[in-house]
Amino acid sequence: MKKYTLVIACLGLFEALSAHADSDERLAHFLSMSLDELVTQKVTISTNTKQMLAKAPAVVTVITAEDIKATGATNLADMLEGVPGIHIRTSLFGDRPLVHIRGANASQTLLMVNGAPLKDLMWGYGIFWKGLPASMIERVEIIRGPGSALFGSDASAGVINVITRTAGRIVGTEAGARAGSYGTRTGWVRHGGNWNGFDIGLTAELSDTDGYNPYIASDGQHEQGDAHYGWRNEDLRFAMARGDWRLQADYMSHGDLETGLTGAGVLDPVTRASDHRYNIDLLYNSDRFGKDWGLNAELRFAHLDYSSGDGFQERPPGYSDGTYTYADGVINRMRSAERKLTGEVSGLYTGIDGHAVRLGAGYVRQDLYSVEQFINSGTGPDGMPLDGTALVDVSNTPYAFAPEKAREIGYLFVQDIWTLTDAWELTAGARYDHYSDFGGTLNPRLALVWQSTDRLTTKLMYGQAFRAPSYQELYAVTSRSLPNPDLAPERSRTWDLAFSYAATKGLRLGLTLYHFTQSDLIAAVGSPSQFQNAGDHTIRGIELETLWQASKDLRISGNYSLRNQDDTVYRSVFVPDREAYLRADWAFLPRWNWNLQANWIGQRPRASGDTRTPVDAYTVVDTTVRYSAGKQWEFAASVRNLFDADAREYTGTTIPDDLPLPGRNLYAEMRYRF
């Protein structure tokens, strides 16, 4: 209850500051937007310059705050599953939502918040990544396809940029509370106003859950029991802006985080982990910096740290490896801390008729400055095997999980948006990145957009992208694999052909064909296994979308994705080749809205040598009803997995029956606007 008292106290403080805020202004319900208004929304993710969604030189999807509210999504992961080509895979370790785009590994998806990548040097999104709370999100812009020509590493399969409410202008004050299944409780507040000439914005959310705790009939030790996935979350964000300047500060943390299962599929009932991430950003954005020039500049600092608490229990008490018996189990206690400094400057020149040329440069220093590890199994600091009798400190030795080491990146980029005629637009650009640990890489892009008719838009696009090797692949010695400091980046080439067609005033159709070729893929090969740039892989696919405004009160949308992958060892077998999504939104009475959505996930094959039957297809149906009681109160109820489908996530053979996903669950929510 302390955290909810804190929310109420914060609310009182922010209400005192909001005496001059326009508390009556509210976001319009998304059903009131026409289809023409939807496709003329402005996006920045495709070029770093505002463009209409329909003319963006990329395959772009936008999820608005109204979409988020209508579907009952409470987390970023809930929102993304309905996007064509995206599959959210639940990791057995920590119940982490991993974002796969177009059948590629999650490591080839770049995830950003307000344009800043979240990836760390070791663990990708973060070893205890849990997504992002919906209450702090204004909109999500998504590119399906390459983005390295603008954003650098990891943007091979796609880019997701989460734009927070504090990145814009928050009007008035809102507080909310939610309670639901699995002992889940959430409270949040957001406030916007003016103070001494500064626009002020703040969001805060505190939550905790006992977790859905699936029953595991047999784990990697042939034991059975519940995998515990409880955790608590804190998310605080603040911004102040004046003129062309903006200062943003964010804080995120997880505590009492239960990991449930180890990466090897062994039940871990003891871990209570935590992480903390904070950043402060100073941003400058002027469209009129000089004659024909706009200027953007940013200086960002981020810090994050992880702790496994008293340690991961990787094997249970009494475990024997044939040489030693571990009375307390195999314990791995890990802590690390990392800081990141980023500076970037870019200018937009519009002095040449029909052209908008952006030039930019940046520098990143990412420093894994603290690594601590205590273990009772494996290799000790003297290079000798440990016998399991006590935890031994291997920090600052070659046997720690990572070295304390910094990476520096310098980059240059250029892009030209050339309006050839009213119907034709050509975008060309490239970015060069130089890494201190493996050298340089150049990634170009080219896109031609043709307004074929008043109803049809055609886009032909080509792009190259890369993924820099992680510290885990470059430097970390583990029981499963050896590092390779000579790794080159993974590379990819993608062709997209996209059509958008307005069949009628109320019906829009979309079709995208793509050919995605990956090369120099990093994999652990050999015996003993070592990370190598081992091979190539190709994915071809088609994505279909439709949006139908059946009446002024009813909107129906859906999509279908089909992929054809090379049958190689690099195939992501845990991602289905077929997916479908159907959604209906109905304002059936004044002040009432009903949302119904269904996600169909196709069958997933097994890896080579795995004799189990394929993972069954499943359909999860969610429904949400929302009621606005006047201008201030709003209530909602949502049922997730309405029909209690037996949905399972692909796992290795250590868990023969795969990982059960949450069954039927529900929540109730209320909001109050001041």
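The values are calculated or read from the model by the stated rules, or taken from the named source; none is laboratory data. Only a predicted model underlies this, so the values are computations on that prediction, with no experimental measurement involved. Positions of Cβ are generated from backbone atoms using ideal geometry, with glycine treated the same way; all protein chains shown enter the neighbour counts. Remember, those area values only see protein heavy atoms, side chains included, never the ligands or the DNA or RNA. Shrake-Rupley method; radii C 1.70, N 1.55, O 1.52, S 1.80 Å.
Structure values in brief
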| read-out | value |
| --- | --- |
| Residues of segment 295-338 that turn out to be open to solvent by less than 20 Å² (accessible area, probe 1.4 Å) and among the hydrophobic types (A, V, I, L, M, F, W, C), as a count | 4 |
| Residue list for segment 49-62, restricted to those being within 19 Å of the chain's Cα centre (by Cα) and open to solvent by 20 Å² or more (accessible area, probe 1.4 Å) | 60, 61, 62 |
| Boolean, residue 472 is closer than 28 Å to residue 485 by Cβ and outside any strand (DSSP E or B) | yes |
| Boolean, residue 344 is at pLDDT 95 or above and surrounded by 16 or more Cβ atoms within 10 Å (Cβ to Cβ) | yes |
| Within segment 567-602, considering residues that are hydroxyl-bearing (Ser, Thr, Tyr) and under 21 Å from the mean Cα position of the chain (by Cα), the one least open to solvent (accessible area, probe 1.4 Å) | 572 |
| Qualifying position, being closer than 30 Å to residue 526 by Cβ, in a strand (DSSP E or B) and among the polar types (S, T, N, Q), among 599, 564, 593 | 564 |
| Residue tally, condition of a type in the set (Phe, Trp, Tyr), open to solvent by 50 Å² or more (accessible area, probe 1.4 Å) and assigned to a strand (DSSP E or B), over segment 603-647 | 3 |
| Positions within segment 165-185 being at pLDDT 95 or above and either under 21 Å from residue 278 (Cβ atoms) or aromatic (Phe, Trp, Tyr) (or both), in sequence order | 182 |
| All positions within segment 91-120 that are of a type in the set (Asp, Glu) and open to solvent by less than 10 Å² (accessible area, probe 1.4 Å) | 120 |
| Those residues of segment 450-492 which are buried (at least 21 other Cβ atoms within 10 Å of the Cβ) and of a type in the set (A, V, I, L, M, F, W, C), in sequence order | 461, 465, 466, 468, 474 |
| Selection within segment 124-162 - under 23 Å from residue 366 (Cα atoms) and hydrophobic (A, V, I, L, M, F, W, C) | 127, 128, 129, 132, 149, 150, 151, 155, 159, 160, 162 |
| Residue within segment 514-532 that is part of a strand (DSSP E or B), without any contact (Cβ under 8 Å) to a residue 40 or more places away in the chain and crowded, with 18+ Cβ neighbours inside 10 Å present | yes |
| Those residues of segment 395-424 which are of a type in the set (D, E, K, R) and either under 30 Å from the mean Cα position of the chain (by Cα) or modelled with pLDDT of 95 or more (or both), in sequence order | 404, 405, 407, 408, 416 |
| Given (1) out of contact with any Ser or Thr (no Cβ under 8 Å at 6 or more places or on another chain); (2) hydrophobic (A, V, I, L, M, F, W, C); (3) free of Cβ contacts under 8 Å to residues at least 24 places away in the same chain, index of the condition residue 345 fails | (3) |
| Of residues in segment 267-294 being aliphatic (A, V, I, L, M) and under 22 Å from residue 124 (Cα atoms), the one most open to solvent (accessible area, probe 1.4 Å) | 280 |
| Looking only at segment 223-251, and only at residues there that are of a type in the set (Phe, Trp, Tyr) and open to solvent by less than 60 Å² (accessible area, probe 1.4 Å), the one that is farthest from residue 277 (Cα to Cα) | 229 |
| Residue identified as within 26 Å of residue 145 (Cα to Cα) and touching a residue at least 60 places away in the same chain (Cβ under 8 Å) among 581, 570 | 581 |
| Answer from 113, 189 - the residue that is in contact with a Leu (Cβ under 6 Å, 6 or more places away or on another chain) and β-branched (Val, Ile, Thr) | 189 |
| Boolean, residue 547 is hydrophobic (A, V, I, L, M, F, W, C), surrounded by fewer than 18 Cβ atoms within 10 Å (Cβ to Cβ), at pLDDT 95 or above and under 26 Å from the mean Cα position of the chain (by Cα) | no |
| Residue within segment 381-395 that is touching a Ser or Thr at 6+ places or on another chain (Cβ under 9 Å), in a strand (DSSP E or B) and open to solvent by 40 Å² or more (accessible area, probe 1.4 Å) present | yes |
